Amino acid sequence: MLPIFLFISLISPSSCAADQAQIALKTAEELNLANDPTWKALLHYARERCFVTDPKYYLSPVECSLASELESLIEGIYSKDKNITGDISCRFPARIKFIKERLSSKGVAVPNLFCPDFVDYQEHAPAERISLVFAAENITHPMSMMGHVFLKFNGRSKTGEDLEHAASFFTRFSSVNIPATILEALYFGMPAFFALMPYDEQIQSYRSREGRNLFEYPIIASEYQTELIHAHVWELRTIKSPYLFVGYNCATVVYFLMSLANPMLLDELGLWISPIDVVRYSKKHKVIDSRTFLPSLDWQTRFFAQQIGPTAADKIIQTLQGQDAREIQELAKSTNNSVNRSFVEALIQREKLNPQYLKDNINKVEEAFLADRSKEPAELEVENLKDPTTGPKSSRVTFGATRFDNQNYAKLELVPASHSLTDDNTRSYSESALEIGSISLLFNPDENRDLVLEKLNIYGMQSLVPYDRYIGGISSRFAIGIQQEWTKYLEPYTAGHITLGLGQTLQASADANFYGLINVAASYGDGRGMLSYFPEVGLTLYEIFSMKTVANYRLMCGQHGDTGCYQEAHATQSLLWSDEFSPYLGFSNIWNKQGSSQKYELGLKFYF
C-alpha cells in the first residue's frame, strides 16, 4: 500500500488543476465573459461576425465562437502541459490579462504565465502612454485618400531612455496597375502587415516624403486599459488576415484597439468605418480629448509663404539663391520675424529632399539660418486650425427627384464610403472627392416604370490640389465603374469605363478654386469599345449662408466611337447647413449640333 502522502502527490496536481479550471469556467459563465464587450474587442468581433480570418488567431476549433474561444483559453491557462501554457502565454497575453482581471475580482486564483519574448517587447517598446495618430489623406495616391490611423507608444527603458514607437497595420502598393490594385484592395484583399517601428521614422516618412499632416490624440485610459492595448498589439503582430479597404483595414484594427479603452465604441461600428471615423467616435466617447498638430513640410511652406506674402517670399528666395554667402548670412541675422524664419526653415527641409530653389546653396543656407537657435521659429496656433474630425460622416444616402428628356424620375443613391466636391471640404487640405462602391438608381413612376442605372462607381477619386509657386501641386482624377454616356445624337447608353485625368487648380481665394483637367477614358458599351478624351474646366465656390456652388464644363470627344464632340455643363448648389444632411439643386445641359438635353435635379443627402 502506498503512503498516503505519496498517493496525494501523485494525483493532486492534475486533479487540482482540473478543479481550478472548472471553478474558473463556472465563474466566467456567471460573469457572462463570453459576451463581455472587452472580450469581443480582443477577438475583433462585431455585427455577429469575426473580422479576423486567420485560423491561428483562435484556439477553439469552433469557428467564430465567443464562448468556445473563452473556454479553450481558460482550459489552456490551467493546463499542466508547459507546451500549452507556453504557447498561449506568448500568443495571447492580452486575453490572459483580461481573464485574470475579471476572475481575480471574484477571488478566483489565476496562474501567472511567463513569455520571455513578450517581456522583451515590453522592455524595448514600452507604453506608459498611448496616443491615437491620424495621418491626413495622401493627395498624390488614389488608395490613400481616406487617411491612415495608427498608435504611438511613449515609455522609458530600463536605462531611463525615453522611447517612442509607432504600431501600424497597413498594406503595400507595389503594382503600377492601378485598376488591378484597386479591385484587389476593395474586393479580394491584399497582404497585410503589422509593424512596430521607431516613431520618428514613421512621422518623417509621412510629413516629409508624402506631404501628410499628422494629428496626435493622447488616449484617456487607465493603467490596466493601457497595458491591455499594449499587449493586444503584440497579439496582432503575426496576423495574416487580408487587408480590405471596405472590410478589415487600418481603421478597423485601430478601432478594436481603441474599444479596449471604452467598449462602448463597439456599438458605433457600422457597415463602414474610415480612419477619420475612428478619431471622431473616439472623441465622442471621450477616449481622446486634446491634440497635437504635426504639419507636413509642404503645408508649413505653403502656410508661412501665405503669412508673409508672395513679394517677401520671393525676395527671401532670391537672396538664398544668390552665390554671395555674406548676403545669406546678413539675411539670417536680420530675419527677426519668426514667421519669415519659419518659412526659410521649412524651405530648407523640403530642399534637402527635393532640391528646387537652393540646390548648391543648401549647405550655406542651412549653416547660416540654423546655426543661431536664439531666434525661434513661429509657433502654430492649433486652436485656429480646423478640426478634421468635424464634418459629414463617411457614408451617404441621397433621395431626389430628377427630370430629363421630358421624363420624371425618383433618385436613390447609396455611397458606403465617400465625400464629394459638393460637400463641405473646408477641413481638408484641398478640395477632393472619393466614392467607393457607390450606386445611383433612377425610377420612373409613370406608366413604363423604368429603372435606370445612372451610375455605379467601383472606385472614384478627384483631388484638386491648389498649385503653389513654391511647392507645386498637381490635380488628378481616377475612376472605374459604370455610367451613362451619349451618342452624337444625344441618345444615352450605359458603358463601363476607366478614366484618368491630370491638371492644375488655382486658388483665387480661401473660398474659390478654379481647375482644369485633361481626361482620357477607355470604355465599353453598346457593343463596342471606345477611347475618348475630354478637357474640363470648373470651379468650387463657398458662399454666404453656408452655400456652395460646384460647376464644370467638358468637351466630350470620342464617345460611342464617334468622330464628333458634344459639350456638357453641370452646376450644383448645395446648402451646407448641417453635418447630418444637405439639400441641393442641380442642373445639367448636354448639347451639340444635333440638339440638346437638359437635366434638373432636387435632392437631399443624409450622412451616416
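The values are calculated or read from the model by the stated rules, or taken from the named source; none is laboratory data. Computed from a predicted structure; not experimentally measured. Ideal geometry is used to build each Cβ from the backbone, glycine not excepted, and the neighbour counts take in all protein chains shown.
Of the residues making up the stretch 170-183, at least one is at pLDDT 80 or above and within 20 Å of Phe256 (Cα to Cα). For the stretch 101-137, the tally of residues that are outside the structural domain of Ala28 (by TED's automatic domain parsing), of a type in the set (A, V, I, L, M) and part of a helix (DSSP H, G or I) stands at 1.
Would you point out which residue out of Ile74, Ile4 is at pLDDT below 95 and on the phi < 0 side of the Ramachandran plot?
Just one listed residue meets the conditions, Ile4.
As for the stretch 425-438, it holds at least one residue that is touching a Gly at 6+ places or on another chain (Cβ under 6 Å), in the same structural domain as Gln594 (by TED's automatic domain parsing) and not hydroxyl-bearing (Ser, Thr, Tyr). Taken over the stretch 423-439, the criterion of being polar (S, T, N, Q) and outside any loop (DSSP other than H, G, I, E, B) is satisfied by Ser432, Ser438. Within the stretch 24-52, the set of residues being at pLDDT below 95, out of contact with any helix residue (DSSP H, G or I) (no Cβ under 7 Å at 6 or more places or on another chain) and surrounded by 17 or more Cβ atoms within 10 Å (Cβ to Cβ) comprises Cys50, Val52. Taking the stretch 175-263 and the helices (runs of 4 or more DSSP H) fully enclosed by it, the elements with 1 or more residues that are touching a residue at least 60 places away in the same chain (Cβ under 8 Å), under 24 Å from Phe51 (Cβ atoms) and in the same structural domain as Gly155 (by TED's automatic domain parsing) are at 178-183, 223-235, 250-259. Scanning the stretch 296-329 for residues that are surrounded by fewer than 19 Cβ atoms within 10 Å (Cβ to Cβ) and outside any helix (DSSP H, G or I) gives Gly309, Gly322, Gln323, Asp324.
Those residues that are touching a helix residue (DSSP H, G or I) at 6+ places or on another chain (Cβ under 7 Å) and either of a type in the set (Ser, Thr, Tyr) or not in a loop (DSSP other than H, G, I, E, B) (or both), I need them from the stretch 53-75; list them, please.
Within the stretch 53-75, Tyr58, Ser60, Leu66, Ala67, Leu70, Glu71, Leu73, Ile74, Glu75 qualify.
Note on the stretch 197-224: residues that are crowded, with 18+ Cβ neighbours inside 10 Å and modelled with pLDDT of 95 or more amount to 4.
One residue stands out in the stretch 155-169 among those that are farther than 18 Å from Pro218 by Cα and among the charged types (D, E, K, R): the one that is modelled with the lowest pLDDT, namely Lys158. Of the candidates Ala41, Ala94, Ala67, the single residue that is more than 30 Å from the chain's Cα centre (by Cα) and not assigned by TED's automatic domain parsing to the domain that holds Arg237 is Ala67.
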